[in-house]
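Down below is the structure, laid out as structure tokens.
The values are calculated or read from the model by the stated rules, or taken from the named source; none is laboratory data. As the structure is a prediction and not an experimental result, all values here were calculated from the model. FYI the Cβ positions are ideal-geometry reconstructions off the backbone, even for glycines, and counts take in every protein chain you see.
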Amino acid sequence: MRSYTVVFFLLAVHFFLCAQEPQCGMNWLETTESQKGVPVEQIKTSFHGKIDSALESTNSIPELRSEIIVPVVVHIVWHTTEENLSNEQVIEQIAILNQDFNGNNKDLRDVPEEFEPFIARKGIRFCLVTETPEGMSTSGITRHSTDLEVVGIKEELYEIAPAWDSENFLNIWVANTGDFLTGLGTYPGLVPPERQGVIVHPRYFGYNDSFRYNFGRVAVHEIGHYFGLDHIWGTDQNCESDDGVEDTPLQQHSYQSCPAHPQATCGSNDMFMNFMDYVDDRCMLMFTQGQMERMLATIELYRPELLNNDISCLSGEENVCEFNASILPNPVSQQLTVVLSGNVVPDNYLITDCMGKVISKGMVNSQEFSTDVSELPAGVYFLHLADKVNREIYRLIKQ
Ligand SMILES: [Zn+2]
């Protein structure tokens, strides 16, 4: 009897570990800091109070500065050679940040109509520094090898790859955070300056081959936390807990995977396609203007030196390649035609369903191609276009 109990227990543990999907490390960070005696709740309450007062005192949307550019240094801390990501991947990630923080991401068109008026279309830009604090020339990327496998959640990280002055630079560490954390971003005031910044698992940095987090949006989400944003459902899974942002609807819980709109809780449709939810990268699409105001207020009040330097840097947008596809018609019932008007042509295309299963694929040899989708069941599908360095994804609806 006892051995059955043990087997059952082991199976239950196995099921729990296997069922747990990797996700943002904010709760892990807060719990870890609390255990060290850091008054996490007090820090967050005080922070939110200051930001609320600042936003109320302006009595209107704070005027966006004409150009907000945050200088970034990326520390790659690697144990396996696959974790030693290329400069190109880093540059791609910076370009992704610039798209997503400014409403320039192509998939923004998939935002449901009812949420379109709230999209933040201008915001924060990021650039890789080209000069070290000592005035030496740099790529904005530092590289460090380590014997530690899961270095991203260890104190040693900051000895192996010390932060550059976190008042003047956004430090992003690309370091293995284990199997259950995709990354983490430090709330203002939550950790000492030498640990302020963002950590992203190398598996999910930039464009990558993971299924859920393949568009570099772990970094987008974690930088949202770094600039003071909470998860869109607040801190607790109920309708009382809010993220403090006026134009995000109350939401009872997080979403995973790629749900279909609408999903309603707390008396209204949920904005699960927000960068601060837990949905897959291909389905998170937007910050709201309210979230952007909060991030800008956080920079003004807590991270002002990020803007007060004249550090030279590159934005990663100098050589933007794009396929710029139009899908005709969409929704489609029979023949799907894809017309390309970008400055490069993809090598191949894939059509997947919402679970990532490949439905069809083929090579792309010209600026227009067609495929028969009449046999597909009705529903939402994704068209992926790719060459060796670029990937774009488009949503299509089969009637
Ligand atoms: Zn998070």
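Assuming Leu184 fulfils every condition listed in (1) closer than 26 Å to Ile124 by Cα; (2) not in a strand (DSSP E or B) apart from one, which condition is it?
(2)
Quick one: Ile61 ticks every box in (1) modelled with pLDDT of 50 or more; (2) closer than 30 Å to Ile119 by Cβ; (3) surrounded by 10 or more Cβ atoms within 10 Å (Cβ to Cβ) except a single one, so which number is it?
The one condition Ile61 does not meet is (1).
Taking segment 328-337 only, how many residues are outside any loop (DSSP other than H, G, I, E, B) and out of contact with any Ser or Thr (no Cβ under 7 Å at 6 or more places or on another chain)?
So the answer is 1.
Can you pull out every residue in segment 148-206 that is surrounded by fewer than 20 Cβ atoms within 10 Å (Cβ to Cβ) and at positive phi?
Listed by number, the residues that qualify are Gly178, Gly189.
Working carefully through the options Asp242, Asp209, Asp247, find the one that is closer than 20 Å to Gln23 by Cβ and either more than 12 Å from the ligand (Cβ to nearest atom) or assigned to a helix (DSSP H, G or I) (or both). Please lay out each step first, then the result.
Working: Asp242 fails: closer than 20 Å to Gln23 by Cβ; Asp247 fails: closer than 20 Å to Gln23 by Cβ.
Every option except Asp209 fails the conditions.
Given the conditions (1) assigned to a helix (DSSP H, G or I); (2) modelled with pLDDT under 95, which single one is not true for Leu29?
(2)
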